[in-house]
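Note sheet for the following structure.
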Amino acid sequence: MAQSLKIHFMKNGIAILLILLSFSAIAQKKIKVEEEHMNIGGGKNPCLVVTIYEASEDDINNGWKSIMKGYNGKVSSKDAGHLADNVVIKDLSNNTCDVYYKTEKVNEKEYKLIVSVNLGGAFMNPSDHGTQTAYFKKLMLDFANKTSNDAIADQLKDAEKALSKLESTQSGLEKDQNSLKAEIEKYKSKIKSDEDDLAKNATDQTKKKSEIEAQKKVVETITKKKNAID
């Protein structure tokens, strides 16, 4: 049982340490939006790319989908990615645009969100559409920061829950230890008392044997008196 608990503590301790190291690594990374040309929206088009940390691919896709639906976009799957059709961003224009997006896995802890915007006849690019590009850059940057931070917050919550469970188990072990120590002290006291009683018993037996021997002599003397009369 003790060995099993020791292994349990080691495994959970390692898991928490890895999460903390992950937090440290993320803290040293600066999230930024890059301008690139990639295959998206039916061809090699200008797009914006941002790296999101710690979040799952589903969380990223669902989160961006929610944002697009907030702009009245109708989201569907498109060419190994997604299309938000007829998006209206009133801060920019009352005209609709089509937003193509997809994710690419970098590693288990990182995904790239790739977004390309068809403004209606032309894909958004920094040189021709500076205002629109700046808007989408901020939108993606805010989304990447929030999604990464939310994912880390969930991990921290799980880590704190695991830590609380470990501390509760440790508290129980300490309580058991104190109880066992008290039991040992009680038994020690009982053993000491029994040892004292045993020593007294031995002394009493020795004394009683002497009294028996003396009494035997009294009996012998009286028996001799009786035999002499008979």
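Bear in mind these aren't lab numbers, they're just calculated from the coordinates by the rules spelled out. This structure is a prediction, so every number in the text was calculated from the model and none was measured. Cβ: placed from backbone, ideal geometry, glycine included. Neighbour counts: every protein chain shown.
Look at ASP98, ASP91, ASP79 and count the other Cβ atoms within 10 Å of each Cβ; fewest to most, that gives ASP91, ASP79, ASP98.
Sequentially through segment 88-94, phi angles give Karplus couplings (6.51, -1.76, 1.60; θ = phi - 60°) of 10, 10, 5, 5, 9, 5, 8 Hz, Gly and Pro residues having no value and appearing as x. Principal-axis analysis of the Cα atoms of the chain puts helix 2-27 at an angle of about 30° to the longest axis.
Working from label points 7 Å from Cα in the Cα-to-Cβ sense, the LEU173 to ASN227 distance is 7.8 nm. Across segment 56-65, coupling constants 3J(HN,Hα) worked out from phi with the 6.51/-1.76/1.60 Karplus curve, θ = phi - 60°, read 7, 4, 4, 4, 5, 4, 5, x, 5, 4 Hz, and Gly and Pro carry x.
Rounding to the nearest 10 and keeping the result within 0 to 90°, find how far the Cα-based axis of helix 130-229 lies from the longest principal axis of the chain. In the chain, helix 130-229 runs at an angle near 0 degrees to the longest axis.
If the chain linking LYS181 and LYS161 were pulled fully straight, counting 0.36 nm for each residue of separation and taking away their Cα-Cα distance, it would gain 4.2 nm. Put simply, the amide H of ILE40, placed in the peptide plane, has neighbours under 5 Å in ASN45, leaving out anything fewer than 5 places away on its chain. Applying 0.36 nm per residue to the separation of VAL106 and GLU36 and subtracting their alpha-carbon distance, the gain on full extension is 23.6 nm. Specify which labelled value, from [x] 20.9; [y] 23.6; [z] 13.8, agrees with mean projected area of the Cα convex hull in nm² derived from the coordinates of the model shown. Evaluating mean projected area of the Cα convex hull in nm² on these atoms matches [y].
Just so you know, the averaged projected area of the alpha carbon convex hull for segment 84-215 sits at 15.6 nm².
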